[in-house]
Amino acid sequence: MYIAKVIGKAVSIVKHAAYENRTLLLVQPLSVKSELVRTPTIAVDYVGAGEGDTVIVGAGPGVAQEVFGVEDAPIRELIMGIVDTVDITFQEEEE
């Protein structure tokens, strides 16, 4: 599970049946300092997220299959929540 920023939408006219009537969003993982990191990926939206939202993405085997009730769903990344705020306190290291 990780936090990411929704940076776009993916559209496909030919797709696996498990993706029918599902919104596919392009997400880019965020660091703990809310900086964009790593390569963006496509995730299936489960909560109604939109471009610019900070979201919680789950990436576990069988998660999408359990949530959507689709057998053998080839879905790896799933948007499972929209983040309202992130509050992290950093402590300075003493030398």
Check the straight Cα-Cα distances from Lys33 and name the lysines below 26 Å, setting aside those fewer than 8 residues away within the same chain.
-> Lys5, Lys9
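Just the number please: accessible area per residue for the chain, 1.4 Å probe, all protein chains included, in Å². Don't jump to the answer; show the numbers that get you there.
On the way: 6640 Å² over 95 residues.
Result: 70 Å² per residue.
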Relative pair counts by distance (%), Cα atoms of the chain, 10 Å bins | 16, 45, 26, 8, 4, 1
In whole percent, the fraction of accessible protein surface over the chain that belongs to carbon or sulfur atoms, probe radius 1.4 Å, stands at 48 percent
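What are the semi-axes of the equivalent ellipsoid for the stretch 40-82, taken as the square roots of 5 times the Cα gyration tensor eigenvalues, largest first, in whole Å?
19, 10, 8
The values are calculated or read from the model by the stated rules, or taken from the named source; none is laboratory data. This is a predicted model, so every value here is computed, not measured. Areas reflect the complete protein model, heavy atoms only, side chains present, ligands, DNA and RNA absent. Shrake-Rupley method; radii C 1.70, N 1.55, O 1.52, S 1.80 Å.
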